[in-house]
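The numbers here are math on the coordinates, done by the rules we state, and not lab data. Quick caveat: nothing in here was measured; it's all calculated off a predicted structure. Using ideal geometry, Cβ is built from the backbone for each residue, glycine included, and neighbour counts are taken over all protein chains shown.
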Amino acid sequence: MTTALELYGTEKPPAKIEKISVGKLTFSLQGGALRHITYDGVELLRGIAFLVRDRDWGTLAPLLTEISRDTTHGFALSQRMEYESYGAKLDVTVDVCADENGLIVSACGAADALFETNRTGFTILHPAGVSGCPAVVGHSDGSAEEASFPVLIDPWQPFMDIVSLVHERDGYRVRCELSGDTFEMEDQRQWGDASFKTYNRPLALPWPYELQAGETVEQSVRLTWEACETCAPEVTDRAESATFPEMALVITAEDASRLASSPQDIAKVAPQRLLCHIDAALGDIEGQVAAFAALQNALPSLVYDAELIGIYEPSVADELTAMKAAMDTSGFTPDSVLVCPSVDRQSTPPGSEWPECPPLDLIHSTAADVFSDTTRGGGMVSFFPELNRKRPPLGHLSFVSHGLCPIVHAADDVSVMETLEAIPHITRSARAIIGDLDYRIGPATIAMRQNPYGNRTIPNPDSDRVCMAHDDPRHRAKFGAAYLVGLAASLAPAHVTVWTPSGVYGPRGLEGPIVDALAALARCAGQEVHRAEVANGIATLEVGGTKFTANLTPNTIGDLGPYDWAQSNLADVGGNDL
């Protein structure tokens with residue numbers, strides 16, 4: 001029998017999920033939240049949860065106690081949620097009342113001392129599948145705005161000042177009414193979540209903010225629905241055949257020295273490229289570059305890409321020239337350079353002031369002069385939201401890149417796998433920005449290498465499932481290998497030329513079942529993609545002469561056990577064109 005350690009890399013069990021049915025209405029209870037709220041097989045909402053975020057946007061896990069439950073007429077549940085942050089406690093009672101005609105979730109609570117938070121209140125998730133569907137937004141002044149959910153990912157908030165939201169999808173008109181605070185929506189697909197998120201307290205207001213001792217927090221969400229005639233929204237993607245991308249592994253200067261003395265450490269995976277992280281904020285540019293030069297001398301057959309993080313003091317030209325001089329002196333010859341300002345590693349949320357930074361046009365035009373004989377790229381070394389909000393000047397660039405991370409907002413197993421649904425939305429939106437320019441995916445691992453939304457990545461000493469964690473144990477387990485195959489299938493149709501799904505060493509490095517999956521996928525570089533799909537808990541990728549399948553669930557599906565993956569000869573199984 002497969003153990004939790006083999007599946008997840010930790011003995012910590014998955015969150016318990018309880019299925020609730022009230023006639024044709026079904027939903028799951030997980031950690032006090034309602035998920036996958038469905039009526040007659042149609043998903044009305046992806047979730048309703050009372051969430052509390054700390055000053056680094058970390059999600060606080062509550063101490064949960066069930067107070068009462070009644071299934072006599074429909075379903076009624078009362079739960080107590082206790083949140084603790086820096087010694088202060090927030091005590092909240094959340095009540096759920098559901099029948100076949102509607103669902104109400106309400107919350108009331110107070111803090112025992114001054115409680116610092118970036119967000120406290122209800123979060124409502126609409127599934128990413130409502131993209132393009134018609135909507136009516138009710139505002140606090142009593143007006144109603146006819147709109148639709150965006151198809152391309154909106155960099156800012158698509159809907160503001162929300163007291164009610166009606167959408168139509170799959171034969172139902174669904175109405176969600178909110179009370180207790182000012183709500184707005186963000187297009188959460190850009191972080192990889194397969195949802196649109198409606199949340200309380202506008203981001204334009206200062207954060208963190210303080211709840212005073214005894215201050216009451218009281219909010220409610222009411223969901224109703226009715227049958228209606230609906231039309232499926234049209235979504236157009238590039239239809240021509242894609243080629244599977246080359247694989248890169250990200251590496252630091254410190255790890256480059258280690259790999260130079262032990263080149264066999266990546267022999268099994270055999271990637272085509274290494275992504276070399278060179279960071280001016282760390283100082284000693286000459287030493288960093290020299291480490292990569294030594295590695296290139298030890299492993300000359302690989303292609304080397306340089307990720308150049310600049311602080312641009314005293315000037316853009318001086319710093320980029322110094323970087324180029326260090327490369328020339330050491331003999332390091334990268335095939336490409338990706339230039340990104342250090343300050344752009346931090347996100348700039350709506351309503352916040354942009355940090356001081358030389359104009360991107362100046363940065364990239366200078367890079368074009370300094371690295372005139374090298375392929376040059378731009379974009380973000382963080383994630384798609386940062387690229388979407390600060391778009392690079394394409395005229396100076398040969399390629400654009402951004403990373404991916406599935407644990408920005410939620411870290412439970414189901415949510416991590418659900419982020420694969422959002423990747424086609426991200427790549428479609430990126431293509432709308434960059435056109436036919438070379439498109440690369442930077443580091444894309446479960447754990448986060450740096451946090452654009454706070455002062456640090458979140459420590460995870462107990463090997464748990466933690467949002468924005470520096471180390472996620474699932475990377476080193478069967479879960480991580482299955483997620484990798486799902487990631488490959490999700491990216492395959494997007495005409496990405498390079499992807500970076502792992503580091504070499506450290507918590508996001510080459511360890512565990514992911515190594516075999518990386519090696520198999522690396523061998524597919526440059527081959528034609530015939531089919532790529534993530535559906536019903538299975539990832540399917542047909543590329544070249546190979547078929548990959550991965551079970552993205554903890555349940556056995558067909559011949560695949562929990563989080564198993566397999567490869568087979570495509571000639572033996574047949575296949576369909578993409």
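Summary table below
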item	result
Cα gyration tensor, the stretch 242-573 - rounded (a/c under 1.5), prolate or oblate	prolate
Sequence-distant residues sharing a close amide H with Glu307 (under 5 Å, placed H)	Cys276, His277, Ile278, Leu338
Calculated Rg and Dmax of the Cα atoms in Å (choose from [x] 22.3, 71; [y] 25.4, 84; [z] 24.2, 79), label	[z]
In Hz, Karplus ³J(HN,Hα) per residue of the stretch 309-326 (6.51, -1.76, 1.60; θ = phi - 60°; x = Gly, Pro)	9, x, 9, 6, 10, x, 8, 4, 4, 4, 6, 5, 5, 5, 5, 5, 5, 4
Residues whose placed amide H lies under 5 Å from that of Val543, excluding near-sequence neighbours	His530, Phe548
Computed [θ] at 222 nm, deg cm²/dmol, the chain (DSSP H ≥ 4; -39,500 (n - 2.57); rounded to nearest 500)	-5500 deg cm²/dmol
Prolate/oblate/rounded label for the stretch 1-159 (Cα gyration tensor, a/c 1.5)	rounded
Positive-end extreme of charge dipole, the stretch 78-176 - chosen from Cys176, Ala98, Cys133 (charges on Cβ)	Cys133
Unit charges at the beta carbon, dipole of the stretch 242-573: most positive-side option, Gly395, Pro263, Gly480	Gly480
Cα gyration tensor, the stretch 67-197 - rounded (a/c under 1.5), prolate or oblate	oblate
Share antiparallel - DSSP beta bridges, the stretch 242-573, percent rounded to 5	35 percent
Euclidean distance of C-alpha centroids, the stretch 121-165 and the stretch 279-343, integer Å	44 Å
By average C-beta atoms within 10 angstrom, highest first, the peptides 335-344, 72-81	335-344, 72-81
Rel. contact order, % - alpha carbon contacts under 8 angstrom, at least six apart, the chain	13 percent
Antiparallel %, DSSP beta bridges [both residues in the chain], to 5	75 percent
Per-residue ³J(HN,Hα) for the stretch 352-366, Karplus 6.51 cos²θ - 1.76 cosθ + 1.60, θ = phi - 60°, Hz, x for Gly and Pro	8, 7, 5, x, 4, 6, x, x, 4, 4, 5, 4, 7, 5, 5
Exposure rule at most 13 other beta-carbon atoms within 10 Å, DSSP loop GluC sites (Glu not before Pro): the chain longest free segment	357-578
Using a Förster distance of 35 Å, the FRET efficiency for Arg55-Arg222 (Cβ separation, nearest 0.05)	0.70
Euclidean distance of C-alpha centroids, the stretch 411-466 and the stretch 512-544, integer Å	18 Å
Using θ = phi - 60° and Karplus 6.51 cos²θ - 1.76 cosθ + 1.60, couplings along the stretch 249-262 (whole Hz; Gly, Pro as x)	10, 7, 8, 8, 4, 4, 6, 5, 5, 5, 5, 4, 8, 9
Positive-end residue of His364, Leu437, Pro334, charge dipole of the stretch 319-444 with Cβ unit charges	Leu437
